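In what follows, a structure is listed as C-alpha cells, so that the remarks can point back to it.
No lab work stands behind these numbers, since they all come straight from the coordinates. Here the structure is a predicted model, which is why all the values come from computation and not from measurement. Cβ placement follows ideal geometry from the backbone for every residue including glycine, while neighbour counts extend to all protein chains displayed.
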Amino acid sequence: TAALSIQNLQKTYENGFQALKDISFAVQPGDFFALLGPNGAGKSTIIGIICSLVRKTAGSVSIFGIDTDSNFPAAKRLLGVVPQEFNFSQFEKVSDILMTQGGFYGMPRKLAGERSEKYLKQLDLWDKRGTQARMLSGGMKRRLMIARALIHEPKLLILDEPTAGVDIELRRSMWRFLERINAQGTTIILTTHYLEEAESLCRNIAIIDKGIIVENTSIKSLLKTL
Ligand code: ADP
Ligand code: ADP
C-alpha cells in the first residue's frame, strides 16, 4: 500500500474558484517526495484536505491504506503535518507546546517528555525549552513546528514549504535533519516552489500548476528532460 494515495481530488472553494481540478498521485513508503509548484497552484489546498482542515469537493485520500473519510483518527495517528503558518500559542513555552501535542495523541507524559527532549536536541532547540514561543526567531518557530509534528512519530510527515523565508545555512541544516528522519524510515512529502530544494532532497516529484498535476516522475528523469 502507498503511504499516501490521492485519487481524483477536486476542490472548489465557496466563492466558486476551482483550486484543484482532478488530482491523482501516490507516494510510496520510504519515499522523499516533492510537490512542486508556483504560488497559488493548489499545494496548501491538498495538504489542508489531507489533514481534514479543508473539505474536499470530490475524490479520495488514503494514508497507508486508511481512507481519511472512513477513519480519520486512525489515519491521523500515522500523519504529521507542518503547516506554513505558525499555529501554536505564542504565550506557551516550547516544552509545553510539545507536551500538549503529545496529549492530543494520548501519549503518557513520560514518553512525550522523552520525545520532546529527543527532537528538541536534534533540532537544536533544547536550550529554548523554557522559552515562550513568541520569543523565538522565525527559523526556531519553524523547527518547533517540525518537532511538534514528530512527537507521535508519524510514518508520514508532510511539510508545507518548510524552508520558506529561512536563510541558506539554516535551510541546509533543516535538510540534513529531514534526510536523517527519512533514512530512519519516515516517508516525507514536502511542498516547495524551489526546484533546487526538490532536487537536493527528493527522489520523486509531482509538479502542480493551476490545480493540475503536469508532471509526476523521478527527480533523475525530470533533470534529464530539463
Ligand atoms: P499554493 O499552496 O500552491 O500556493 P493554495 O492551495 O494556497 O496554493 O491556493 C490555490 C488557489 O486557491 C489559489 O488561487 C488561492 O488563491 C485559492 N484559494 C485558497 N484558499 C481559498 C479560499 N478559502 N477561498 C477561495 N480561494 C482560495
Ligand atoms: P482535532 O481536529 O483532532 O481536534 P486540532 O485540529 O484541534 O485537532 O489540532 C490540534 C493541534 O494539533 C493543533 O495545534 C493542530 O495544528 C495540530 N495538528 C492537527 N493535525 C495535525 C497533524 N496531523 N500533525 C501535526 N499536528 C497536527
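Residue-by-condition table, conditions (1) away from ligand 2 (no atom under 16 Å from the Cβ); (2) closer than 24 Å to F32 by Cβ; (3) more than 16 Å from the chain's Cα centre (by Cα):
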position: L111; (1), (2), (3): yes, no, yes
position: E114; (1), (2), (3): yes, no, yes
position: Q122; (1), (2), (3): yes, yes, yes
position: W126; (1), (2), (3): yes, no, yes
position: R134; (1), (2), (3): no, no, yes
position: M145; (1), (2), (3): no, yes, no
position: H152; (1), (2), (3): no, yes, no
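Taking the stretch 61-105 as the range and being within 12 Å of ligand 2 (Cβ to nearest atom) and of a type in the set (V, I, T) as the test, the residues that pass are I63, T68, V81, V82, I97, T100.
Take the residues in the stretch 19-57 that are away from ligand 1 (no atom under 16 Å from the Cβ) and in contact (Cβ under 8 Å) with a residue 40 or more places away in the chain, then tell me which one is farthest from L9 (Cα to Cα).
Taking the stretch 19-57 first, the residues away from ligand 1 (no atom under 16 Å from the Cβ) are 24, 26-32.
Next, from what is left, pick out any that are in contact (Cβ under 8 Å) with a residue 40 or more places away in the chain: 24, 27-32.
On the way: S24: 6, V27: 15, Q28: 18, P29: 21, G30: 23, D31: 21, F32: 21 Å.
The residue in question is G30.
For the stretch 87-102, filtered to residues that are within 20 Å of the chain's Cα centre (by Cα) and exposed (fewer than 15 other Cβ atoms within 10 Å of the Cβ), the residue that is nearest to L53 (Cα to Cα) is N87.
Can you tell me how many residues within the stretch 58-70 are touching a Pro at 6+ places or on another chain (Cβ under 9 Å) and either over 26 Å from A183 (Cα atoms) or within 16 Å of ligand 1 (Cβ to nearest atom) (or both)? Adding up the residues that qualify gives 0.
Is there a residue being within 29 Å of A206 (Cβ to Cβ) and surrounded by 15 or more Cβ atoms within 10 Å (Cβ to Cβ) anywhere in the stretch 106-118?
Kept after step one, since they are within 29 Å of A206 (Cβ to Cβ), are these residues of the stretch 106-118: none.
Checked the stretch 106-118: no residue is within 29 Å of A206 (Cβ to Cβ) and surrounded by 15 or more Cβ atoms within 10 Å (Cβ to Cβ).
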